[in-house]
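Scroll down for the structure; my scribbles are underneath it.
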Amino acid sequence: VLQKPLAKENTKPVEIKLHTQQRAAKRAIFNYSVATKLYLMEQQKKQVQKLHKMIEEEEVRLLRKEMIPRAQLMPLFDRPFFPQRSTRPLTVPRQPSLRIMTGKCSSCFSGCNSYSFQHSEAH
């Protein structure tokens, strides 16, 4: 006959303290701080853009004010313009110095002996 094992005492559950509530609260505070930081950065960016836009509009307004077309002054017909003859002397034309090849020039063919030698070997 098999004997039944002795019944054990009922165990009492140990209460486990989880940090989820604390972590959730810390996370909410962190999320709020990040959101406020982003909001402030966005507001600052909008303010800078608004300032740049105002400066640009002021520059455009000043440019438009400067670029108002104005009529040219009427010429003075009581003193008409008479062109004066120049006092500079006229230029004297010179004959261009062009070399005309006539016959065999010694300066032209001084280095050509080697050329004629190389040219005759190639044929």
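The values are calculated or read from the model by the stated rules, or taken from the named source; none is laboratory data. What you are looking at is a predicted structure, and each value in this text was computed from that prediction instead of being measured. Cβ sites come from the backbone with ideal geometry, for glycine too, and all protein chains shown count toward neighbours. For accessibility, only protein heavy atoms count, side chains too; no ligands or nucleic acids. Shrake-Rupley method; radii C 1.70, N 1.55, O 1.52, S 1.80 Å.
Within the straight-line cut-off of under 19 Å between alpha carbons, the lysines reachable from residue 53 are 45, 65, sequence neighbours fewer than 8 places apart in one chain being disregarded. Each peptide among 75-84, 29-38 gets the average number of other Cβ atoms lying within 10 Å of its residues, and from highest to lowest they stand as 29-38, 75-84. Bridgeable lysines around residue 4 (alpha carbons under 26 Å apart, same-chain partners fewer than 8 residues away excluded): 12.
Between residue 51 and residue 92, the contour length at 0.36 nm per residue exceeds the Cα-Cα span by 8.0 nm.
Per-residue SASA remark: residue 74, around 150 Å² accessible (1.4 Å probe; ligands, DNA and RNA not included).
A straight Cα-to-Cα reach below 29 Å connects residue 8 with the lysines 17, residues fewer than 8 places away in its own chain not being considered. Only protein heavy atoms count here; on that basis, with a 1.4 Å probe, residue 11 has an accessible area of about 130 Å². Extension gain for residue 26 to residue 65 (0.36 nm times residue separation, less C-alpha to C-alpha distance): 8.2 nm.
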